[in-house]
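Nothing in this text is a laboratory measurement; each read-out follows from the coordinates by a stated rule. Fair warning: this is a prediction, and the values are worked out from it, not measured in the lab. Neighbour counts run over all protein chains shown; Cβ positions are idealised from the backbone, glycine included.
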Amino acid sequence: MSSTVTHEAAVHRDYGGAKIGMWLFLFTEIVLFGGLFILYSAYRTKYPHEFHAAGQELNYIIGVINTVVLLTSSLSMALSITAVQKGRQRLATWLVGLTVILGALFLVNKYVEWSAKIHHGLYPNGPELLKLPPGEGLFLGLYFTMTGLHGLHVVAGMIVLSIMLVLLAKQRVHQDDYVKLENAGLYWHLVDVIWIFLLPLFYLAA
Amino acid sequence: MSQEHEHVVSYATFVTVWGVLLTLTMLLTFASKLFHEALSVWAMLFITPLKAGLVFYYFMHLKFEAPLLKGMVFTALATLVVFIGMLFLDVSFR
């Protein structure tokens, strides 16, 4: 006679720890961009008129459109968490997909904007940029550095969210275990917060 | 063990916060284009952190987190504000 013993695997999950770990990483991101904001502020107080003049080089309409795109992507990201909490797996997947599409739309706008600048010789060490007064060159240099670094973060966020799409499809993220999606969302929202500060510093500086 | 104990924020709450964020963005844009420079700077200093705060508090779920996490976020942001304050102290007394 044989007896059947079933072993239930004890899965240890630490949601609090996972979230605190993600936030600690986000603090390093805040300090990274915070340092650049401090650099911007230091040069803006030194060259207030040049920053004002160089700000007119930027089209604020594109800046505002991209703000609306990113805020909407943050909404779809937040809604996807609620959907997964309510067990609406398919809706959550669509919402994360929409977030990735909006991220791509943001980058398309950025591409159009940067292409026009580069076409006019306005890029770091570019011929037209070198002819500008030092303060204006600094403004545009900071613009390319900070929006470029932010753009890289948008790309990173889109990669992370694409991985989340796979995990949602494979049911590895679901109603009872969705901390990965929450942490991916935290990253995406921080990228949005950084843009919230970039809008007035660059596009509304004129 | 599941995550079922976590607070579920309604769809309506998130959509409302999004609406407020869009309204604040429009206000900020109009203020910077229509008002005198000093006034638009004040609008920026008030509206931008308010928008960031709404994203932190609702979208990033901070409203429903434990005091430890709230304290950590506050400490990190306060440190950055102190450094920005120190910068302005430095440049204003040069």
Tell me, what HN-Hα J-couplings in whole Hz come from the Karplus equation 6.51 cos²θ - 1.76 cosθ + 1.60 at θ = phi - 60° for each residue of the range B:41-49, using x for Gly and Pro? 5, 5, 4, 5, 5, 8, 6, 4, x
What FRET efficiency comes out for B:THR75 versus A:ILE101 if R0 is 45 angstrom and r is the Cβ-Cβ distance? Round to the nearest 0.05. 0.80
Go through the range A:28-43 residue by residue and turn each phi into a ³J(HN,Hα) via Karplus (6.51, -1.76, 1.60, θ = phi - 60°); whole Hz please, and just put x for glycine and proline. 5, 5, 4, 5, 4, 6, x, x, 5, 5, 5, 4, 4, 4, 4, 6
One finds, for A:ARG90 and A:ASP176 with R0 = 22 angstrom and r their Cβ-Cβ distance, a FRET efficiency to the nearest 0.05 of 0.85
Can you find, among A:HIS49, A:TYR111, A:TYR15, the residue farthest towards the positive end of the dipole of chain A? Put +1 on the C-beta of Lys and Arg, -1 on that of Asp and Glu. A:TYR15
Along the Cα-to-Cβ line of B:HIS36, 7 Å from the Cα, sits a label point; which residues in the range A:182-206 have backbone N less than 19 Å from it? A:206
Taking amide H positions as placed 1.01 Å from N in the peptide plane, with prolines and chain starts having none, which residues 5 or more places from B:GLU6, or on another chain, fall under 5 Å of its amide H? none
Projected label distance in nm at A:LEU149 and A:HIS52, using a 7 Å step from Cα toward the beta-carbon: 2.7 nm
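About the Cα centre, and with charges only on the beta carbon of Lys, Arg (+1) and Asp, Glu (-1), how big is the dipole of chain B? Nearest 20 debye, please.
On the way: 5 positive and 5 negative charges, 49 e Å.
Roughly 240 debye, rounded to the nearest 20.
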Charge tally in the Cβ shell below 15 Å around B:SER10, where Lys, Arg are +1 and Asp, Glu are -1, B:SER10 excluded: +2
Could you give the length gained by full extension between A:LEU32 and A:VAL11, i.e. 0.36 nm per residue of separation minus their alpha carbon distance, to one decimal place? 4.0 nm
Amide H contacts of A:HIS174 (H built 1.01 Å from N, under 5 Å, at least 5 apart or other chain): none
Work out the FRET efficiency for A:SER162 and B:ALA66 from their Cβ-Cβ distance, taking R0 = 30 Å, and round it to the nearest 0.05. 0.45
Set of the range A:137-156 residues, backbone N closer than 11 Å to the point 7 Å along the Cα-Cβ line of A:SER41: none
Would you list, by chain and number, the lysines whose Cα falls below 20 Å from the Cα of A:LYS170, excluding same-chain residues fewer than 8 positions away? A:LYS86, A:LYS180
Separation between Cα centres of the range A:29-70 and the range A:156-206, rounded to whole Å: 22 Å
